[in-house]
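The values are calculated or read from the model by the stated rules, or taken from the named source; none is laboratory data. Quantities reported herein were computed from a predicted structural model and do not represent experimental measurements. All Cβ positions, even for glycine, are placed from backbone atoms using ideal geometry, and neighbour counts span all protein chains on display.
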Amino acid sequence: MSGIINTVLNEAYASAFPQFTVHPRLGFTVGQIGGMVGYALFIVSHGRTGADYFKYYFTGLAIGSFCNNLAVTCIMYVEAREPDAVMEFLTNRVGAMTAAPPEQAGVAGALLQAAIQAGNVVALTIQAGLLTIHPGGVADFRNVAASFYFMIGWGGACLVAFWIFFRQPPKSDGPVVVAH
């Protein structure tokens, strides 16, 4: 349910502030930094709930999920190349397949899916290892904090890679034609 709410909020936000989608470096940067702020709020909570729930957890969830979704929305707008079509681009897989020539769309989608799965395996393996640094597993908040620090570092690495490798695509005069 929160994913649907975040998607609707991000679509409204991206429509109200088009500079984030016209200049995706700005939107992606704000989104990634906001996501890292969300993880930082989890870390400073020291695992406390109760009275601190709204101070740390709820705020971290709201800021982190909204900003991460904003980063993805900015990239989807770039792939769609026209703001009205972004709702059709529900995932990056579709954007990657449509960015490739029609005869290579299947291969592009397969390569992206394989890369996503490999990245998930690596990230989950690292986090599983971090949750066992100190005895007690997830019951010891130091392990959970180490996992959150890893996510902040991973987000920072993605941000740096985006700044290095992203190139603004040329403006398209016509609508995007989806390969069938």
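Checking each residue in the range 67-81 for being under 16 Å from G31 (Cβ atoms), at pLDDT below 80 and of a type outside the set (D, E, K, R) picks out N68, N69, L70, A71, V72, T73, C74, I75, M76, Y77, V78.
Within the range 92-104, the set of residues being surrounded by 14 or more Cβ atoms within 10 Å (Cβ to Cβ) and either at pLDDT 75 or above or among the hydroxyl-bearing types (S, T, Y) (or both) comprises T98 only.
All conditions in (1) modelled with pLDDT of 85 or more; (2) more than 16 Å from the chain's Cα centre (by Cα) hold for D84, with the sole exception of (1). Check the range 48-60 and report whether any residue there is of a type in the set (V, I, T), modelled with pLDDT of 70 or more and within 18 Å of the chain's Cα centre (by Cα). Yes - at least one qualifying residue is present in the range 48-60. Scanning the range 143-167 for residues that are under 18 Å from G60 (Cβ atoms) and surrounded by fewer than 16 Cβ atoms within 10 Å (Cβ to Cβ) yields a total of 3. Yes or no: D173 modelled with pLDDT under 90, among the acidic types (D, E) and surrounded by 14 or more Cβ atoms within 10 Å (Cβ to Cβ)? In short, no. Within the range 105-132, the set of residues being at pLDDT 80 or above, more than 19 Å from S45 (Cβ to Cβ) and aliphatic (A, V, I, L, M) comprises V107, A110, L111, A114, A115, A118, V121, V122, A123, L124, I126, A128.
Scanning the range 126-160 for residues that are assigned to a helix (DSSP H, G or I) and over 19 Å from the mean Cα position of the chain (by Cα) turns up A128, G129, L130, G137, V138, A139, F141, R142, N143, V144, A145, A146.
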